[in-house]
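Colleague: There's a structure below that I have some questions on.
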Amino acid sequence: MEEHRSPSHTNPAVNAAGSAKERSSGPAFGGVDIGESEGGYFLRVAMPGAMRDEGSFSISKDGTVDIQGVIRYEIPSQVPKMKVQQLYPPGPFALSLKLPGRVDPRMFTCKLRYDGIFEVVVMKPGYSDTPAQPSYRERSMPVNT
């Protein structure tokens, strides 16, 4: 009988700050999936409750990814007191992680899906059609795309 083994995965170090650090249970905020191809990386980050128009994303040549944002939600006024609260508290958050290798920070796409999953595709150096610009170290953009 053949034994089925899952591929080995390394757990990237994800540093959380703000409201992303305060929660102890509930939906996984900051859960990360990283895929790699010959030419680039695919990254998914769970960010339930993050506002589409109140965040920023930056990526550096060394593969460091920084995400900042805000969690907002309202509790209906007719609910005087929460009995169970497992969602992240509202407020600003910051997540930082490092991809397994170097990237070309000029060559990426990103979007925050309506279900709270942030997706990034970024190319490795040498897999873009654009000549490299050695002075370009980091690229930032709002997370509302």
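Colleague: In the range 61-77, how many are buried (at least 17 other Cβ atoms within 10 Å of the Cβ) and of a type outside the set (A, V, I, L, M, F, W, C)?
Modeller: 4
Colleague: From (1) open to solvent by 60 Å² or more (accessible area, probe 1.4 Å); (2) assigned to a strand (DSSP E or B); (3) within 11 Å of residue 118 (Cβ to Cβ), pick out the condition that doesn't hold for residue 34.
Modeller: Going through (1) open to solvent by 60 Å² or more (accessible area, probe 1.4 Å); (2) assigned to a strand (DSSP E or B); (3) within 11 Å of residue 118 (Cβ to Cβ) one by one, residue 34 breaks only (3).
Colleague: Out of everything in the range 78-97 that is within 27 Å of residue 109 (Cα to Cα), among the aliphatic types (A, V, I, L, M) and out of contact with any Phe, Trp or Tyr (no Cβ under 9 Å at 6 or more places or on another chain), what residue ends up being surrounded by the fewest Cβ atoms within 10 Å (Cβ to Cβ)?
Modeller: 94
Colleague: If I filter the range 107-122 for residues that are modelled with pLDDT under 90 and open to solvent by 20 Å² or more (accessible area, probe 1.4 Å), do I get at least one hit?
Modeller: Scanning the range 107-122, I find at least one residue that is modelled with pLDDT under 90 and open to solvent by 20 Å² or more (accessible area, probe 1.4 Å), so the answer is yes.
Colleague: Okay, next question. Tally the residues that are of a type outside the set (A, V, I, L, M, F, W, C) and at pLDDT 85 or above, restricting the search to the range 11-47.
Modeller: Here the count works out to 10.
The values are calculated or read from the model by the stated rules, or taken from the named source; none is laboratory data. Since the structure is predicted, the reported quantities are computational estimates derived from the model, not experimental observations. Note that each Cβ is placed from the backbone with ideal geometry, even for glycine, and that neighbours are counted across all protein chains shown. These area figures cover heavy atoms from the full protein model, side chains too; ligands, DNA and RNA do not enter into them. Shrake-Rupley method; radii C 1.70, N 1.55, O 1.52, S 1.80 Å.
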